[in-house]
1. With Cβ to Cβ distances under 13 Å as the rule, what net charge do the other residues near L148 carry (K, R +1; D, E -1)?
2. Any chance you could give the angle, 0 to 90 degrees and rounded to 10, that helix 141-153 forms with the longest Cα principal axis of the chain?
3. Which of the three applies to region 419-577, rounded, prolate or oblate, going by the alpha-carbon gyration tensor with a ≥ b ≥ c and a/c under 1.5 meaning rounded?
4. Once you have the Cα-Cα distance between V175 and S576, take 0.36 nm times their residue separation minus that, and quote the gain in nm to one decimal.
5. Can you tell me which of 325-337, 259-271 comes out highest on packing, and rank the rest after it, using the mean Cβ neighbours within 10 Å?
6. Find the lysine pairs in the chain meeting two conditions, Cα atoms under 15 Å apart and a separation of 8 or more places or different chains, and report how many there are.
7. Based solely on its DSSP helices, what 222 nm [θ] is calculated for the chain when runs of n ≥ 4 H residues each add -39,500 (n - 2.57) and the sum is averaged over all residues, nearest 500 deg cm²/dmol?
8. Helix 413-425 versus the longest principal axis of the chain: what angle, 0 to 90°, nearest 10, using Cα atoms?
Amino acid sequence: MKRTTKWLVLLVVLSVLAAACGGDSSTTTVAAVDTPDTTAAAPTTTTGSTDTTVPAEPAGPKTIIIGTTDSIAGLDSADAYAIHDWELLRNIGEALLSFAPGTTDIVPGLASDYSVSDDGLVYTFNLRDDIFFGDGTELDANMYVDHLTRMLTLDGSGGVGGALGTPFIESYRAVDDRTVEITLKDAFGYFPQVVTGAPYMPMHPDFPLDALVEFPDAPVYGVGVWMITEYVPGEQTVLEPNPYYAGSAPAPKVDRIIIRYFNDAPTMAKAIETVKDGRGEIDIAWRTIGQPDLLAELEGVDGLTVGTVPGGGVRFMVINHQLAPTDNADVRKALAALVDRDEISDRVYAGTAEPLYSMIPVGFLGANEAFDDVFGAPDIPAAQAFLTAAGYSETNKLQLQVAYPPEHYGGTAADLIQLLSEQYEASGMIDVEIISQEWSTYIGAVIGGQDYAVSLLGWFFDYPDPDNYLAPFMNNGGLGTMITDPDTNEPIDADAQALMDLLVQAGTETDVDARAALYADLQEKFAENVTTLPLFFLPEHVVYWDYISADDAAATIESLNIGPTFDLHYELLDTSK
């Protein structure tokens, strides 16, 4: 039976159909960030002197170390589609528009302003005249257009072009050196939100037009506040200020940000608790510390703050509609009927996870509980009937592989998949084989649609509109659902066609009430088709020492200015040690 939940979702409900830039372009002149003088003064000695004063040690680079259990899947914004990759890209890059720190308010980015044609199809973005990569190369509109070409045409494992580019863009061009014009396929009113994402952040012109560079050699230059000066996958990434940055973001307060990678949340928690010379081994622990016992332990440490980010992520199962056995609709419905979300929340997350009955979380326009309406899970007799219809029985059990990345979603992912498998096997008609795979390989296999029939993913919005909780799982292969062709976006059957038709209608509807009704209808059909299988919504946390501070002029300072968009702005961080 479904639990009646009291949602604490703090996401801002956005039914914004057209947003405007919040201000004029910065005309700040290029100003290199001062580099602290780290030259050591040579000690001087005088024969016979009685002065035994020891010269002070020269101060090293002012550094903040951030721990994470995430890993780098790719650093080419034309294909990268993982949250940690986007965090790095958003710090070294800048998109046409941006979100103000801690909010979902759209502000200027590379574009100082933009205009929209009367029919809502043509967007004209005017670029600032002071945009430089970290090596001093200036960006112009032709370079930006080249980046769009790479994003829209290169076929990588991330699939970001198929999710956030080709569904929207009909054509594009450089009108002149400072003006980019983008023509849309339909009048998507939320397109200004789309162009805040990492795919709309240009990579350096040295990146080839005809090939992705998932792991470029350092230094990696973007047009944002920082540049990556060193990275070793699985170990650490080092960022230093872009000396040529002249946008509206403030100058960094520290000389270096080091991202240190951990295999699991308990090891990262131990690192932030370990103090040496007055500092933690790491200064900040960010994301995937979802284990209630770990959070309780860290909250009890004097000097540590556990901040809850206003927002969170969805966890769901990708159901591949073109691989056996989930190419059978009755099998998909059986899996949906067997999930007990309350049990998952209670046993794995101590009640901190909110059961989710639609991909669109409560608080967003049109959100409902379609999966509960359709399946009323858990309902074992109904699941057995679906399995019988699919040709399975207690003596001819469905053999089901369930895949997940053991390190990517914190220390609870294994427990989650184990419990989900038990719920499937409770039907008496399913045998589950659990498959674990390292993240950077796993994500490509899931999205590629050739390996796993059922697999775990998390989702956090690219732009705060209900469209972004449905469209990515339908367009161009649907990030592994395969209800459309990855190359042509053609629906695989009549049910998929109906979903796609509704998606376009909802995305282009300008009346808010009518749009909400369309999303309600779309969610019902999405559930009946079991396009994906939503499980729960989980808050994220950031843990930091009391000598670390954020910008008190920006929103959500208690979570280090990390707001609903999940952006951690490194330039807003400071340390007193």
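1. For residues surrounding L148, the net value is -1.
2. Around 30 degrees separate the two axes.
3. oblate
4. Numbers: separation 401, 0.36 × 401 = 144.36 nm, distance 4.75 nm.
Result: 139.6 nm gained on full extension.
5. On the way: 325-337: 22.9, 259-271: 19.4.
In decreasing order of mean packing, 325-337, 259-271 become 325-337, 259-271.
6. Values: K62/K253; K62/K577; K253/K577; K276/K577; K333/K525.
Counting lysine pairs in the chain gives 5.
7. Details: 14 runs with 139 residues, N = 577.
It lands at -7000 deg cm²/dmol.
8. 0
The values are calculated or read from the model by the stated rules, or taken from the named source; none is laboratory data. This is a predicted model, so every value here is computed, not measured. Note that each Cβ is placed from the backbone with ideal geometry, even for glycine, and that neighbours are counted across all protein chains shown. Just the protein is used for accessible areas: all its heavy atoms, side chains included, with ligands, DNA and RNA removed. Shrake-Rupley method; radii C 1.70, N 1.55, O 1.52, S 1.80 Å.
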